[in-house]
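*Asks:* My questions will all concern the structure given below.
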Amino acid sequence: MDMEKLVNSITEEVMIRIKELQNEGNEKKQRILLASSNDSEIYKSILNKLYEFPRKVDTLENFEHELDCYEDIILCGLDNRELANLALGVDCGQKEHIAIMGILKGKRIFLIEEGIEYRSYHNTANKVFFSIYKEYERRLCSYGITLLRKDNILKALNSKNVCSKVQCGCELELQNELTDIVEETDVVDFTNKKLISEADLKKMFRNGIKSIKIHKRTVLTPLAKDFIRINHINVNKVH
């Protein structure tokens, strides 16, 4: 074999290898990390949706502890501890660590709404206390994390840029909900009650409310009057 053919052959092999390495690198960067416990129903649902998705999906079981090879991170949910830690930037667990490093490295991070634990207590929780977790959730949006329902995950992954509009909309929605809670808990309207007892006041006081609106003819029991005086309840009498 003459020298020219040998050089051409080697050059061709090198170019082929370079293209293969580039393709491997691109494929590696397009991987998805699905962060959740494997027994979670949401995890199973999303994994099923990604079954035929044209990108490699890794779970916490085969996570390589290096986020550079992942383009997208999906948090299938957060319990109350994880939500609080992440909102405050505290690295105390695997999911918090992954999310914090993902934020620092500029990765796209999706948080599935159905898996956020505190939301399931909406009808029973103290509203002021509940609003603390709402604020934590709002912070995650401000950090660049996108909240979405599990049925929308494929659409989000296929989008080249889900960031600004989705996040701003998410943040605005959360802020509106938080505002509604604050307005709702500012004052309790007792104008339709003819008699107000101490028990009525204690119930609203436990929810962080310190203002009431009553009719000028409403009767306050002696214990209710004492409760108002001791706890500095603001009473607004209307005609």
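*Asks:* Take Lys225 and tell me if it is more than 29 Å from Ala125 (Cβ to Cβ) and either among the basic types (Lys, Arg) or loosely packed, with under 15 Cβ neighbours inside 10 Å (or both). So that I can check it myself, show each step before the final result.
*Replies:* Details: more than 29 Å from Ala125 (Cβ to Cβ): yes; either among the basic types (Lys, Arg) or loosely packed, with under 15 Cβ neighbours inside 10 Å (or both): yes.
The answer is yes for Lys225.
*Asks:* State the number of residues belonging to the range 193-211 that are in a strand (DSSP E or B) and touching a helix residue (DSSP H, G or I) at 6+ places or on another chain (Cβ under 7 Å). Spell out how you get there, then give the answer.
*Replies:* Step one: list which residues in the range 193-211 are in a strand (DSSP E or B), which gives 195-196, 211.
After this cut, where a residue has to be touching a helix residue (DSSP H, G or I) at 6+ places or on another chain (Cβ under 7 Å) as well, the list is 196, 211.
Of the residues in that region, 2 qualify.
*Asks:* For the range 106-135, what are the residues that are of a type in the set (Gly, Ala, Ser), within 23 Å of Lys155 (Cβ to Cβ) and not in a helix (DSSP H, G or I)?
*Replies:* Listed by number, the list holds a single entry, Gly106.
*Asks:* With respect to Cys76, determine if the residue is surrounded by 11 or more Cβ atoms within 10 Å (Cβ to Cβ), more than 14 Å from the chain's Cα centre (by Cα) and modelled with pLDDT of 80 or more.
*Replies:* Here the answer is no, as Cys76 does not meet what is asked.
*Asks:* Would you mention how many residues in the range 212-234 are of a type outside the set (Val, Ile, Thr), more than 21 Å from Ser131 (Cβ to Cβ) and in a strand (DSSP E or B)?
*Replies:* Qualifying residue count, the range 212-234: 3.
*Asks:* Kindly evaluate Glu96 against the criterion of being without any contact (Cβ under 8 Å) to a residue 60 or more places away in the chain, crowded, with 17+ Cβ neighbours inside 10 Å, within 30 Å of Phe205 (Cβ to Cβ) and not assigned by TED's automatic domain parsing to the domain that holds Phe205.
*Replies:* So Glu96 fails the test.
*Asks:* Inspect the range 82-93 for any residue being part of a loop (DSSP other than H, G, I, E, B) and within 18 Å of Ile42 (Cβ to Cβ) and give the result as yes or no.
*Replies:* Among the residues of the range 82-93, at least one is part of a loop (DSSP other than H, G, I, E, B) and within 18 Å of Ile42 (Cβ to Cβ), which makes the answer yes.
*Asks:* Okay, moving on. Scan the range 44-66 residue by residue and report those that are modelled with pLDDT under 85, surrounded by 15 or more Cβ atoms within 10 Å (Cβ to Cβ) and in a helix (DSSP H, G or I).
*Replies:* Leu47, Leu60
*Asks:* Could you please give the count of residues in the range 136-162 that are part of a helix (DSSP H, G or I) and loosely packed, with under 13 Cβ neighbours inside 10 Å?
*Replies:* Total meeting the criteria: 3.
The values are calculated or read from the model by the stated rules, or taken from the named source; none is laboratory data. All values derive from a computational prediction rather than experimental measurement. Because the Cβ atoms are built from the backbone with ideal geometry, glycine has one as well, and the counts that use them run over all protein chains shown.
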